[in-house]
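The values are calculated or read from the model by the stated rules, or taken from the named source; none is laboratory data. What you see is a predicted model, and the numbers here were worked out from it, not measured in a lab. When we count neighbours, we look across all protein chains shown, and the Cβ atoms used for this are built from the backbone with ideal geometry, even at glycine. We work out accessible area using only protein heavy atoms, side chains counted, and drop any ligands, DNA or RNA first. Shrake-Rupley method; radii C 1.70, N 1.55, O 1.52, S 1.80 Å.
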Amino acid sequence: MQIKSATFVISNSDVKKCPNEPIPEYAFIGRSNVGKSSLINMLTERKHLAKTSGKPGKTQLINHFKINERWYLVDLPGYGYAKVSKKLKNTFQKFITQYFEHRQQLVSAFVLIDIRHEPQKIDMEFMQWLGENQIPFSIIFTKVDKLKPKAIERQVQQYLEVMTAEIWEEAPNCFVTSSSTGLGREEVLNYIDQINQEIK
Ligand code: GTP
Ligand code: MG
């Protein structure tokens, strides 16, 4: 898929104030600093569309970016950046939960996981919560430029093994990406394009 246009539309913390056009949207979620905003820039080939930072906690609101005038990419704040670890509902800001619970236009979420890390409880809990709320999602492994091909394969395999051993009957759809090299760009965009065609 070609990205002909990518424009910032609105930021807010209230799901009721998100754009109300009935067009599909895809939301990027995951721990702070995992690379959500960088991935949006990589996919759209716009370096400064979404704001990124080396420090966790950069994205603080729900950000809508309109793509090709036909669908939205949504950048969300990260979770897991609380000094004291509390239950998911407490650490996770309420408006994000509300976004996922109430956003009719949301077609699928992408849960981003840093390829270098072992499975983390907060991500597992969050994916379980998505499942319980019947919100479709895929996993996007990020920062794969930091590992060698063999290690990438091993990490992905181990991750999916943990998921299927614990909660999930089937491993979710997953992508391997790097915002530094552009790896995975075509795959993620084609996946979105395919869904957009199906729901037309
Ligand atoms: P919050 O908005 O704070 O939740 O973070 P985020 O998930 O949006 O992360 P962001 O895109 O701001 O990136 C965090 C840091 O990781 C930045 O320093 C990025 O340059 C770096 N980063 C993101 N993606 C990649 C990647 O694919 N490879 C490498 N090497 N670094 C990356
Ligand atoms: Mg961000």
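Only bridges whose two residues both fall in the chain count here: according to DSSP, what percent of them are antiparallel, nearest 5? All intermediate terms of the calculation are to be shown ahead of the outcome.
Working: 11 of 31 bridges.
The answer is about 35 percent antiparallel.
Got a number for carbon plus sulfur as a percent of the chain's accessible area, 1.4 Å probe?
Details: 5160 of 10870 Å².
That fraction is 47 percent.
When a/c is below 1.5 the answer is rounded, else prolate if a/b is larger than b/c, else oblate, so apply that to the range 6-198 with a ≥ b ≥ c taken from the square roots of the Cα gyration tensor eigenvalues.
Working: a/c = 1.36, a/b = 1.17, b/c = 1.16.
In terms of gyration-tensor shape, rounded.
Filter the chain for me: DSSP H helices, axial length by Cα at least 18 angstrom, mean Kyte-Doolittle hydropathy not below -1.0. List them by residue number. Present the calculation step by step, with values, prior to reporting the outcome.
Values: long enough: 149-166 (26 Å, -0.60); 185-198 (20 Å, -1.20).
Helices meeting the span and hydropathy rule in the chain are 149-166.
Pairs to check: K16/K200; K36/K58; K51/K121; K51/K150. Give those whose C-alpha atoms are more than 21 Å from each other in this structure. Intermediate values should be presented prior to the final figure.
Details: K16/K200 24 Å; K36/K58 10 Å; K51/K121 27 Å; K51/K150 32 Å.
In this structure, K16/K200; K51/K121; K51/K150 lie more than 21 Å apart at Cα.
How big is the accessible area of H117 in square angstrom, nearest 10, if you roll a 1.4 angstrom probe over the protein chains?
So the heavy atoms of H117 present about 80 Å² to solvent.
Say a site is exposed when it is one of the GluC sites (Glu not before Pro), sits in a DSSP loop, and has at most 16 other Cβ atoms within 10 Å; what is then the longest site-free stretch of the chain?
Working: sites that count: E45, E69, E169, E170.
The answer is 70-168.
Measure out, as a whole number of angstrom, how far apart the alpha-carbon centroids of the range 114-160 and the range 174-193 sit.
For the range 114-160 versus the range 174-193, the Cα centre distance is 15 Å.
Order M163, M1, most accessible first, counting only protein heavy atoms with a 1.4 angstrom probe. It would help to have the intermediate numbers written out before the result.
On the way: M163 0, M1 50 Å².
Ranked list, largest accessible area first: M1, M163.
Can you give me the long-range amide H partners of A6? Hydrogens built in the peptide plane at 1.01 Å from N, cutoff under 5 Å, separation of 5 or more residues or another chain.
Those qualifying (amide H under 5 Å, at least 5 residues apart or on another chain) are N68.
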